[in-house]
Amino acid sequence: MKLHQASTAAAALLVLSLTATACGKSDSGDGGDKGGKINIGVKFDQPGLGLKTPDGSFAGFDIDVATYVAKELGYDAKDINWKEAPSAERENLISNGDVKFVVASYSITDERKQKVDFAGPYFLAHQDLLVRAGDKSITKPEDLNSKKLCSVTGSTSAQNMKTELAPKADLLQYGGYSECLTGLENKAVDALTTDDSILAGYAAQKEHQGKFQLTGLKLSDENYGIGLKKGDADLQKKINDALTKMESDGSWEKAVTANFGSANYKNEPAPKIG
Ligand code: GLU
C-alpha cells in the first residue's frame, strides 16, 4: 500500500470508529433501536399494568401491549430493554430519546400533546379513590377537603384534584403510587387517588387483601395512549396499526383478562384507535 492510500485508509477507519462511538451507546437518543434493541418506558410498581417482579421479569397489561407492539415493529421480547417511566418523567424520556415509546398508564391530554405525540388510545380508565376498608367518611371528592390525600407528581390524578375535584385537600405528592400505600395503611394519609385500573391492582395484592377499598367514583376519563416523539408520524401509524391488530385478533381481550381478571376490575370495552 502506498503512503497516501494508507493515510486515506487510516482516515476512513478513524471516521468509522468515531461513528461507531457516537452510535454505540445504548442511551444515545435513538430509543435503543441500534443493534436490534428497543428501549420502552413502563411503570415498575403498578401490579396489573406495569410491574417489575422480584425475579426481575415484567408483568402487566401495559407490558403485554408494549410487547405486542414491539413484535409488530420487528423486536422480539428478548430485545426489549424496560426503562422505568415515573409519571413526571415520561415526556422527558421520550423527548431525550431515552425510550422509543412509553406504555405507562399514560393518559392522552392536550397539555402533554404539546411535547409528545400519542398512538392509541388503547384503554379507558377512570380516576377513583382508594381508602381504608370500612372507611365511610369518604364517599365523594368534597369529603377530601379536610383530609390527607396522596398522589403522584406529574399525574393527571394530582392535577384534577388540585384544580377542580378537591382543591382544599391536604395533597401529598410522591414519585410513584406504591409509595402512598404504606401511608394509607398506617393512617398517615386518608386516601390515594389515581386511575381505578391502578388502584384495583393494589387492592388485590395478597399483602393488601381486606385492607383497602375503591370508592367506585368515576371522577374522570383517562384514555391511555402510547407516547412517542413529537412529529414521528411514521412510528405513530405503525403503533396504531399494531394496536388495531391486537384488538382484532383477540390479544387485547386476552391481555385484559390475564392481567385484571384477578383484581375484580370491570374494564371498559376497547376504545376506538386513532
Ligand atoms: N393516567 C394518569 C396519568 O397519566 C394517572 C396514572 C399515572 O400517573 O400514570 O397521569
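Summing +1 for each Lys or Arg and -1 for each Asp or Glu, what net charge is found among the other residues whose Cβ lies under 15 Å from the Cβ of Lys140?
Residues near Lys140 contribute -2 overall.
Using only helices, what value at 222 nm comes out for the chain when you add -39,500 (n - 2.57) per DSSP H run of length 4 or more and divide by the total residues, to the nearest 500 deg cm²/dmol?
It lands at -10000 deg cm²/dmol.
If the limit is 21 Å between Cα atoms, which of Lys83/Lys115; Lys218/Lys266; Lys100/Lys254; Lys83/Lys230; Lys115/Lys237 go over it?
As for pairs spanning more than 21 Å Cα to Cα, those are Lys100/Lys254.
Over the chain, with a Gaussian network built from C-alpha contacts below 10 Å, which listed residue (Pro121, Pro54, Pro86) shows the highest mean-square fluctuation?
Pro54
Calculate, in nm to one decimal, what Thr244 and Asp79 gain on full extension: separation in residues at 0.36 nm each, minus their alpha carbon distance.
Between Thr244 and Asp79, full extension yields 57.1 nm more.
All other residues with a Cβ under 11 Å from the Cβ of Ala169 taken together, and with Lys, Arg as +1 and Asp, Glu as -1, what is their net charge?
Net of charged neighbours comes to 0.
Considering only C-alpha atoms, what is the centroid distance from the stretch 201-239 to the stretch 55-73, in Å?
Result: 14 Å between the Cα centres.
Please compute the Cα-Cα pair-distance distribution of the chain with 10 Å bins starting at 0, giving whole percents from short to long.
For the chain, the binned pair fractions read 7, 28, 31, 18, 8, 4, 2, 1, 0 percent.
For Cα pairs less than 8 Å apart in space and 6+ apart in sequence, what is the mean separation divided by the residue count of the stretch 117-215, i.e. the relative contact order in percent?
Relative contact order for the stretch 117-215 comes out at 39 percent.
Just to be sure I understand: with springs between alpha-carbon atoms less than 10 Å apart, which residue in Thr139, Thr194, Thr153 has the highest mean-square fluctuation in the Gaussian network model of the chain?
Among Thr139, Thr194, Thr153, the largest mean-square fluctuation in the Gaussian network model of the chain belongs to Thr139.
Stokes-Einstein diffusion coefficient for the stretch 115-155 at 20 °C in a medium of 1.002 mPa s, Rh from the Kirkwood formula over Cα pairs: what value in µm²/s?
The estimated diffusion coefficient comes to 160 µm²/s.
Every number here is computed from the coordinates shown, using simple stated rules; none is lab data. Please read all numbers here as calculations on a predicted model, not as lab measurements. Because the Cβ atoms are built from the backbone with ideal geometry, glycine has one as well, and the counts that use them run over all protein chains shown.
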